[in-house]
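Visitor: Questions regarding the structure given below will be posed in turn.
The values are calculated or read from the model by the stated rules, or taken from the named source; none is laboratory data. Everything numeric in this text was worked out from a predicted model, so none of it was measured. Cβ sites come from the backbone with ideal geometry, for glycine too, and all protein chains shown count toward neighbours. For the accessible areas, the whole protein counts, side chains as well, though only heavy atoms, and no ligand, DNA or RNA atoms are used. Shrake-Rupley method; radii C 1.70, N 1.55, O 1.52, S 1.80 Å.
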Amino acid sequence: MSRIILAPDIVIDGSGAAPMAGQAVVIDDEIIAQVAPISDLSTADRDTAIRLAGKTVIPGLINNHVHLVLPGDNTPFVPWIDLQSDASLALMATHNIQTSLRAGVTTVRDCGGRREVILDVRNARVANLIDGAAVISCGWTLTITGGHTRQFGGEVDGEVDLARAVRKVISRGADYVKVMAAGGGTPGTFSQYPSFTESELRAIVETAHGLGKLVCAHCIATSSIENAINAGVDLIEHASFFGPSLIPQFDQRVAEKLAASGIPVTPTLQVNRDLVDLLDEGDERTMWQRRQETQRKIVHKLQEFGVPLLAGSDAGWRATAFDTFWKELDELVECGLRPVDAIHAATGAVTVALGYDDFGTIRPGQRADVVVVDGDLTSDIRALQQVEMVIQHGKIAYERSVQA
């Protein structure tokens, strides 16, 4: 089988290391075989050598927070979700992983869908029945009675029933467990207050860890962040620091505690940005703009405190689409990260946080998920809008010149 040899101007390997110039990436079958100076390589007749002048090569992006069953076009979650069949949601999810792949996202971590829909889509993707980004799935979310995303079928209360619910979702094949530790955008819930108690969260964590699975917690309210830290969750989503006013309010004590815990945070900044861009002038847009500005300052502070940051856009929710993940990385840069650090937050940092060691970086022995971008990503993260080629599992899955 012929090798693919990519010879770009710049390689960003996704590990957080400095970008490399003059290096070629050699892909043999489904694996990255070599990263070496272009001048040192010789090509056999059967090799496919691709000179990529003016391009940057990065690992396949990982969108660390998506909802594949949702359209991401600002359709109201309720009543839309109640009008969909499981089949229609599976078709939506299939479309969304295909859209993601064309935008350079080779893996998505789905943070909740209805019942087993996303587990079925993930399995169909593994079986090569459908194309698209690979899927890491929690199955459905665990939420209090009447809680955020209750429409997904995971309402549960009390430590005993929570342990049972964790065992059930893991038995159905969930890759990890997702818990709604605070309210959210579902009507009738309260983003500014915690949902589960600390002891309930601890029951979830202890049960999941006993079965070898990580736990991530949706934390909008500041108090929910502290509950999640105390309970020992593995990842925190949003970390919005909401108080009673529903506008983020930075709490230095909780932020320092978060930093000391080492728990990674996926801040999902793009949701604010997309709504500010979409809405007409008025009170609603002003509210989202205030959230955007405050959230950026908070994430900047978290970075200064040393909190590990991961990139996830919350695609599907509200007005956040699946082909604009570059905006989430651009938001991280706005918060003070260098472009190479934003790439790390969307590649190698995610796989480390999730416990995977076979993909996420461009290093020998890693799975060959690779993206070619037109431009210099070291100086302009917005070059991610110009995806030229996507290689997934060692095969060219998308070429812009052919399919644009």
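Visitor: Measuring from centroid to centroid over Cα atoms, what is the spacing of segment 234-277 and segment 348-404 in Å?
Guide: What the calculation gives is 27 Å, centre to centre.
Visitor: What's the Cα-based Rg to Rh of segment 149-202, Rh via Kirkwood?
Guide: In segment 149-202, Rg relative to Rh is 0.96.
Visitor: Can you count the Lys pairs in the chain with C-alpha separation below 26 Å, eight or more apart or on different chains?
Guide: Qualifying lysine pairs in the chain: 13.
Visitor: Where does each of I31, I62 land when they are ordered by accessible area, with a 1.4 Å probe and the largest first?
Guide: I get I31, I62, largest accessible area first.
Visitor: Additional query: Considering the convex hull of the alpha carbon atoms of segment 59-113, report its projected area averaged over all viewing directions, in nm², one decimal.
Guide: 3.8 nm²
Visitor: Right, something else. Taking a point 7 angstrom from the Cα of V160 along the C-beta vector, which residues in segment 187-201 have backbone N less than 18 Å away?
Guide: 197, 199-201
Visitor: Note down the net charge around R400, summing +1 for each Lys or Arg and -1 for each Asp or Glu among other residues with Cβ under 14 Å from its Cβ.
Guide: Overall, the nearby charge balance is -2.
Visitor: For I396 and E284, calculate 0.36 nm times their separation in residues minus their Cα-Cα distance, and state this gained length in nm to one decimal.
Guide: On the way: separation 112, 0.36 × 112 = 40.32 nm, distance 4.31 nm.
So the chain would gain 36.0 nm between I396 and E284.
Visitor: Specify the residue with the greatest mean-square fluctuation among A21, A345, A217, computed from a Gaussian network of the chain linking alpha-carbon atoms under 10 Å apart.
Guide: Ranking A21, A345, A217 by mean-square fluctuation puts A21 first.
Visitor: Could you tell me the extents of segment 30-139's C-alpha atoms along the three principal axes, largest first, rounded to whole Å?
Guide: 59, 29, 20
Visitor: Here's another thing I want to ask about it. What figure, in Å² to the nearest 10, do you get for the accessible area of K301 with a 1.4 Å probe and non-protein molecules left out?
Guide: In the full protein context, K301 sits at about 80 Å².
Visitor: What does the charge count around Y356 come to, taking other residues whose C-beta lies under 11 Å from its C-beta (Lys +1, Arg +1, Asp -1, Glu -1)?
Guide: -1
Visitor: Related question: At 222 nm, what value in deg cm²/dmol follows for the chain if DSSP H runs of at least 4 each add -39500 (n - 2.57) and the sum is divided by all its residues, to the nearest 500?
Guide: Mean residue ellipticity at 222 nm (helix-derived): -10000 deg cm²/dmol.
Visitor: Give the shape of segment 197-331 as rounded, prolate or oblate, defined through the alpha-carbon gyration tensor: a ≥ b ≥ c are the square roots of its eigenvalues, a/c under 1.5 means rounded, and otherwise the shape is prolate if a/b is larger than b/c and oblate if not.
Guide: prolate
Visitor: What is the Cα centroid distance between segment 138-178 and segment 311-336, reported in whole angstrom?
Guide: Here the answer is 26 Å between Cα centres.
Visitor: Additional query: When only Cα pairs under 8 Å and 6 or more residues apart are kept, what is the percent relative contact order across segment 1-118?
Guide: Across segment 1-118, relative contact order equals 26 percent.
Visitor: Starting from the Cα-Cα distance between S42 and R363, subtract it from 0.36 nm times their residue separation and give me the gain in nm to one decimal.
Guide: 113.6 nm
Visitor: How would you classify segment 279-330 from its alpha-carbon gyration tensor, with a ≥ b ≥ c the square roots of the eigenvalues: rounded for a/c under 1.5, else prolate if a/b is greater than b/c, otherwise oblate?
Guide: Here segment 279-330 falls in the oblate category.
Visitor: A further question follows. Can you run the Rg to Rh ratio on segment 267-404? Use alpha carbon positions and the Kirkwood inverse-distance Rh.
Guide: 1.00
Visitor: Using a cut-off of 15 Å between beta-carbons, work out the net charge of the residues near Q151 (Lys and Arg +1, Asp and Glu -1, Q151 not included).
Guide: 0
Visitor: Just the ratio, please: alpha-carbon radius of gyration of segment 109-205 over 2.2 N^0.38 Å, N its number of residues.
Guide: Scaled against compact globular proteins, the figure is 1.11.
Visitor: When all protein chains stay in place, what accessible area (Å², nearest 10, 1.4 Å probe) is found for S379?
Guide: Here the residue's solvent-accessible area equals roughly 90 Å².
Visitor: What number, in percent, do you get for the relative contact order of the chain if the mean sequence gap of Cα pairs under 8 Å and at least 6 apart is divided by its residue count? Kindly include the intermediate steps, with their values, before the conclusion.
Guide: Numbers: 980 pairs, mean separation 82.9, N = 404.
Over the chain, the number comes to 21 percent.
Visitor: Next up: So, by mean Cβ neighbours within 10 angstrom, what's the order for 48-54, 233-239 with the highest one leading?
Guide: In decreasing order of mean packing, 48-54, 233-239 become 233-239, 48-54.
Visitor: Compute the relative contact order of segment 145-224 as a whole-number percentage, counting only Cα pairs closer than 8 Å that sit 6 or more residues apart in sequence.
Guide: 35 percent
Visitor: Provide the solvent-accessible area of S42, counting protein heavy atoms only and rolling a 1.4 Å probe, rounded to the nearest 10 Å².
Guide: 90 Å²
Visitor: Right, here's the next one. Work the Kirkwood hydrodynamic radius out for the chain: mean of 1/r over every pair of different alpha-carbon atoms, inverted, in Å.
Guide: 21.3 Å
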